[in-house]
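Trainee: Pasting in a structure now, in structure tokens, and then I'll have a few things to ask.
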Amino acid sequence: MSWREDALKKCLEKIKRNIEGIGEKFPHVAYEGRYNNEKASFWTAGFWPGLLWLLYMEKKEDSSLKLARRLEERLDEVLDGFVTLHHDVGFMWLPTAVIDYKLTGNPESRIRGLKAASHLAGRFNLAGRFIRAWNDDIAAGCQGWAIIDCLMNIPLLFWASKETGDPRFCQIADAHAATVLDAFIRPDYTSAHIVRFNPCTGEKIENLGGQGKGPDSAWSRGQAWAIYGMAIAFRETGKGEYLEAAEHTAEYFLSHLPEDKVPYWDFRCDLKERYALDSSAAACAASGLLEIAGLVKEAERKEYYRCRAGGILKSLYENYADFSADTQGILQKGTVNFPKNKHINVPIIYGDYFFTEALIKWARMTNIF
Ligand code: GLY
């Protein structure tokens, strides 16, 4: 068995074991071997059900489907309650309702996906052509904020357009991606985390540091969101500038990795801050690289991206994965928010999700969303 097969087998075994241990929680980060439980409205609520769907895809494990459905149903309170909804509805309803609908044809899941997409489309700022991040409770005057992470939400809009035949969702996704290219991605192909626009005129005001080191830094997970999100924007629109951006942001990521191919929390952090790593950024970037491999035409380029994704996944497997039965997290050493000193070098549920997703993509040569 190759290391990739072994890694996927062990991830799937661990997800199956976690069905009992995690159950109906909405996990985010793990301490002392156990995942915590966040509110259902928190942006990471889709990743545990997403892992359950990945297990179902691979093994047709009935208990996995049942728990994923139950969690999807629990999210209805958030979707229909509306007031706690934010921009991350793609992260939440793609790996729950949309994947359920794709795999089982469940009509209720289709409606959930379309409701979430309608909410996301409704957050579009027409003057600035961006999707607004977060809500008023995050900071004063944040009506004009947009964040790089939101590129990972727009696949929900691309899906909704295909599903309904209505181009408006796709138009909004495309407009947002074009704004990201223009306002977030710098000439050296690093990305800002947050950009503040004037919400009335749409004019860009400034970059904000957010979860990165500062306004001019290169937050590693933000860089991974850019790689993956731009690749999908190309896949869905055919616009070459998005593929070019995906390839260049990927090149920055790859050429700044330390020897073991897992980045520090920010590529431009101080030497003394390099103890804080982000395995989740590595896993997400690997999945994005595999996406690019599926999109570039030349066989040599395909091989290049598969090979670089493989290198990252191998290091995650050898140096960061914990497959033991007495802990719940798979990938160790993810960092949520270094500037706020929140969750440093811990397992994070989306690290586990993107690691497993990438291993499946590698094996099946297919994308998930
Ligand atoms: N979307 C927030 C994060 O990547 O931590």
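Trainee: Determine whether the stretch 67-82 contains at least one residue that is within 20 Å of the chain's Cα centre (by Cα), over 22 Å from G165 (Cα atoms) and of a type in the set (F, W, Y).
Mentor: no
Trainee: Of everything in the stretch 202-219, what is open to solvent by 20 Å² or more (accessible area, probe 1.4 Å) and either within 19 Å of A177 (Cα to Cα) or within 13 Å of the ligand (Cβ to nearest atom) (or both)? Give them in sequence order.
Mentor: Residues satisfying the conditions are E203, K204, I205, E206, N207, L208, G210, Q211.
Trainee: Restricting to the stretch 23-35, what's the tally of residues that are surrounded by fewer than 23 Cβ atoms within 10 Å (Cβ to Cβ), out of contact with any His (no Cβ under 6 Å at 6 or more places or on another chain) and either of a type outside the set (D, E) or over 21 Å from R74 (Cβ atoms) (or both)?
Mentor: Count: 6.
Trainee: Within the stretch 141-154, track down each residue that is more than 15 Å from the ligand (Cβ to nearest atom) and open to solvent by 10 Å² or more (accessible area, probe 1.4 Å).
Mentor: G141, Q143
Trainee: Just name the residue that is farthest from L79 (Cα to Cα) out of those in the stretch 1-13 that are open to solvent by less than 30 Å² (accessible area, probe 1.4 Å) and touching a strand residue (DSSP E or B) at 6+ places or on another chain (Cβ under 9 Å).
Mentor: So the residue we want is A7.
Trainee: All but one of (1) touching a residue at least 40 places away in the same chain (Cβ under 8 Å); (2) touching a helix residue (DSSP H, G or I) at 6+ places or on another chain (Cβ under 7 Å) hold for R74, so report the exception by its number.
Mentor: Unmet condition: (2).
Trainee: I've got another one for you. Is it the case that some residue within the stretch 235-246 is among the β-branched types (V, I, T) and within 28 Å of A173 (Cα to Cα)?
Mentor: Within the stretch 235-246, one or more residues are among the β-branched types (V, I, T) and within 28 Å of A173 (Cα to Cα).
Trainee: A follow-up question, please. Return the residues of the stretch 79-100 that are closer than 13 Å to P49 by Cβ and free of Cβ contacts under 8 Å to residues at least 40 places away in the same chain; say none if nothing qualifies.
Mentor: A97, the sole residue that qualifies.
Trainee: Sticking with this one: Restricting attention to the stretch 135-153, which residues are over 11 Å from the mean Cα position of the chain (by Cα) and either at pLDDT 95 or above or not β-branched (V, I, T) (or both)?
Mentor: Answer for the stretch 135-153, where residues must be over 11 Å from the mean Cα position of the chain (by Cα) and either at pLDDT 95 or above or not β-branched (V, I, T) (or both): N135, D136, D137, A139, A140, G141, C142, Q143, G144, W145, A146, I147.
Trainee: Can you confirm whether L103 is part of a helix (DSSP H, G or I) and either under 19 Å from S41 (Cβ atoms) or touching an Asp or Glu at 6+ places or on another chain (Cβ under 6 Å) (or both)?
Mentor: Criteria not met by L103.
Trainee: List every residue pair whose Cβ atoms sit under 6 Å apart, with the two residues 6 or more apart in sequence or on different chains, where the first one lies in the stretch 218-235 and is without any contact (Cβ under 8 Å) to a residue 24 or more places away in the chain and the second, anywhere, is within 12 Å of the ligand (Cβ to nearest atom) and in a helix (DSSP H, G or I).
Mentor: Listed pairs, sorted by first residue: none to list.
Trainee: Mind counting the residues in the stretch 322-337 that are touching a strand residue (DSSP E or B) at 6+ places or on another chain (Cβ under 9 Å) and either open to solvent by less than 20 Å² (accessible area, probe 1.4 Å) or within 14 Å of the ligand (Cβ to nearest atom) (or both)?
Mentor: 7
Trainee: Let me ask something additional. Being open to solvent by less than 40 Å² (accessible area, probe 1.4 Å) and either farther than 17 Å from H87 by Cβ or touching a Phe, Trp or Tyr at 6+ places or on another chain (Cβ under 6 Å) (or both) is the requirement here; does T164 meet it?
Mentor: no
Trainee: Which of the following residues is more than 13 Å from the ligand (Cβ to nearest atom), open to solvent by 50 Å² or more (accessible area, probe 1.4 Å), within 22 Å of W53 (Cβ to Cβ) and assigned to a helix (DSSP H, G or I): A363, A358?
Mentor: A363
The values are calculated or read from the model by the stated rules, or taken from the named source; none is laboratory data. No experiment lies behind these values; they were computed from the predicted model shown. As a convention, Cβ positions derive from the backbone with ideal geometry for all residues, glycine included, and neighbour counts pool all protein chains shown. The accessibility values were calculated without ligands, DNA or RNA, using every heavy atom of the protein model including side chains. Shrake-Rupley method; radii C 1.70, N 1.55, O 1.52, S 1.80 Å.
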